[in-house]
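Right, one structure below, let's go through it.
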Amino acid sequence: MRSRLLAAAAAIGIAIAPLSASPIGAQTALIVLGTGTPNADPDRSGPAVAIVVNGHAYLVDAGAGIVRRAALAARTTPALAVAKLDIVFLTHLHSDHTLGLPDLMLSPWVLERTKPLRVFGPKGTTAMTDALTKAYSFDIDIRLRGGEPSNKTGYKTEARDVKPGIVYKDSNVTVTAFPVLHGTIPQAFGYRFQTADRVIVVSGDTRPSEEIVRQCSGCDVLLHEVYSADGFKKRTPDWQAYHSSFHTSTTELADIASRAKPKLLVMYHQLYFGGTTDADLLAEIARTYKGPVKSAQDLGKY
C-alpha cells in the first residue's frame, strides 16, 4: 500500500517523506528569519520564514542572510541549527527571495549537513539550483577532493518545479502551494502549512488575491506582505504603477484580513516609504481591520 501511494504521489508531483508515528500535541511556531526587501536595511535580512514543528524546520524563501539568521534563532529554537536546514519552499524567483539560496545549499553542508537540500518552487527552480551548483563547482570539488574533511552528500540539491496543490507531506505537515498574482512574474506561489495544531498561510509576494482569503479561511496565522498606503501617495507614478501591480497596500490587506479572518495577521516584507514606521502600518491597518495584527521583526516568533 505504501509503495502504491508513493508511486501515485510521484506521478502527480507530490513529495511524501518517510512517515514516523503521528505527532501528538504538536507545537507549531512561525519564526520570521528575515523581513527585508531589496532595500539595504542592516536591521532586516532578506525575506525568509521558518515553520517549526516537532523539532523540524520548514523554510519559505531564502533571502540574503538566511543561514546566519537561522543560526541566531537556533540559540532558542534548536530545530534551526544550521546542519538541520534541509528543506525550503520558494514563493518565486526574484533575487531578494533567492540570494541566500547558494548559502543554504552549501554552508550547512560545510557545517556537517549530510542530507541533500530539498527545494520546491515555481517553474525555473530546478534550472536555478542546477546553475548554482555549476557556478560553485570549484568550491564543491575542492571541498570534496582537496583534502578538507567533508561528507559526500550534503552539497547535493533535490529540486522540484511544482504546480498548485499539495506539494509536500510528512508526519508533521501538509504543504499546499497556491497561485498568487505578482505583477508580470509568470508563476508565483503562496504556501499553506497545516500541522496537528495550526494552519499557517504565507502569502509570498502578491497583489490582492482572492486565493489568499480562500486558503486562510480562519487560519491561525496569515503572514502577508504589505506596503504603506499613505506612503504610496508620495511615490512617483511609475513606482505607484509597479507597487499596485506587484504588492498589497495596508488598505487592501485590511480588506483581505477582514474576509479571511485569521486568528493573527502578521505583516512582513514591509515597504515603508518616506519614513513610515511599523506603528504607521499598524495604524493604517486598524482604520478598517479590527482583528489582532502585528508587524513582524527579524527573528520574531508568532
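The values are calculated or read from the model by the stated rules, or taken from the named source; none is laboratory data. Keep in mind that what you see is a predicted model, and the values were worked out from it rather than measured. Methodologically, a virtual Cβ is constructed for each residue, glycine included, from the backbone with ideal geometry; neighbour enumeration extends over all protein chains shown. Keep in mind that these areas ignore ligands, DNA and RNA; they rest on the heavy atoms of the full protein, side chains included. Shrake-Rupley method; radii C 1.70, N 1.55, O 1.52, S 1.80 Å.
The heavy atoms of Asp141 present about 70 square angstrom of accessible area, all protein chains included, probe 1.4 Å.
Around the amide H of Ser295, modelled in the peptide plane, lie the amide H atoms of Met267, all under 5 Å away and 5 or more residues distant in sequence or on another chain.
Karplus-based coupling profile of segment 107-123, in residue order and whole Hz: 4, x, 5, 4, 9, 5, 5, 9, 7, x, 7, 8, 10, 10, x, x, 3, with θ = phi - 60° in 6.51 cos²θ - 1.76 cosθ + 1.60 and x standing for Gly or Pro. For the chain, the normalised intensity computed at q = 0.09, 0.12, 0.14 Å⁻¹ comes to -0.43, -0.77, -1.04 (log10 of I(q)/I(0), Debye sum over alpha carbons, equal scatterers, no solvent). Dipole size of segment 116-206 about its Cα centre, with +1 on Lys/Arg Cβ and -1 on Asp/Glu Cβ: approximately 180 debye, rounded to the nearest 20. Per-residue accessible area (protein heavy atoms, 1.4 Å probe) orders His56, His243, His94 as His56, His94, His243, starting from the largest.
Average accessible surface for segment 245-299: 41 Å² per residue, computed with a 1.4 Å probe over protein heavy atoms with every protein chain in place. For segment 174-302, the dipole from Cβ point charges (+1 on Lys and Arg, -1 on Asp and Glu) about the Cα centre works out to 280 debye, to the nearest 20.
Using Cβ point charges alone (K and R +1, D and E -1), the dipole size of the chain about the Cα centre works out to roughly 800 debye. With a point put 7 Å past each Cα toward its Cβ, work out how far Asp141 is from Thr153 in nm, to one decimal. For Asp141 paired with Thr153, the spin-label model returns 2.5 nm.
The share of accessible area on the chain that comes from carbon and sulfur is 57 percent, using a 1.4 angstrom probe. Select from Asp61, Asp43, Asp230 the residue whose mean-square fluctuation is largest in a Gaussian network model of the chain (Cα-Cα springs shorter than 10 Å). Taking springs between Cα atoms under 10 Å, the residue moving most is Asp43.
Across segment 51-60, computed HN-Hα scalar couplings (Karplus, 6.51 cos²θ - 1.76 cosθ + 1.60, θ = phi - 60°) run 9, 10, 8, 6, x, 10, 10, 10, 8, 10 Hz from first to last residue, x flagging Gly and Pro. Highest GNM mean-square fluctuation among Gly147, Gly124, Gly36, for the chain modelled with Cα contacts below 10 Å: Gly147. Dividing the mean sequence gap of close Cα pairs (under 8 Å, 6+ apart) by how many residues the chain holds gives a relative contact order of 17 percent. Taking Met128, Met267 and ordering them by how much accessible surface each has at a 1.4 Å probe, largest first, produces Met128, Met267.
For segment 68-81, backbone phi angles converted through the Karplus equation (6.51, -1.76, 1.60; θ = phi - 60°) give residue-by-residue couplings of 5, 5, 5, 4, 5, 5, 5, 4, 10, 10, x, 4, 9, 3 Hz, Gly and Pro being listed as x.
Build a GNM of the chain with springs between Cα atoms under 10 Å apart, and of Thr206, Thr126, Thr184 the one that fluctuates most is Thr184.
Using every pair of alpha-carbon atoms in segment 237-302, split the distances into 10 Å bins beginning at 0 and state the percent of pairs per bin, rounded to integers. Final binned percentages: 19, 51, 27, 2. Every Cα-Cα pair of segment 157-216 was included, and the share exceeding 17 Å stands at 40 percent. Heavy-atom accessible area with a 1.4 Å probe sorts Glu148, Glu284, largest first, into Glu148, Glu284. What would the Debye equation give as log₁₀ I(q)/I(0) for segment 50-203 at q = 0.11, 0.16 Å⁻¹, counting only Cα atoms as equal point scatterers? Values, matching the q order: -0.42, -0.88. Per residue, segment 20-96 exposes an accessible area of 38 Å² to a 1.4 Å probe, with every protein chain left in place.
Once the Cα atoms are used to define both axes, helix 237-246 deviates from the longest principal axis of the chain by about 50 degrees. A cut-off of 5 Å between modelled amide H atoms, ignoring neighbours fewer than 5 places along the same chain, links Ile87 with Leu59, Arg118.
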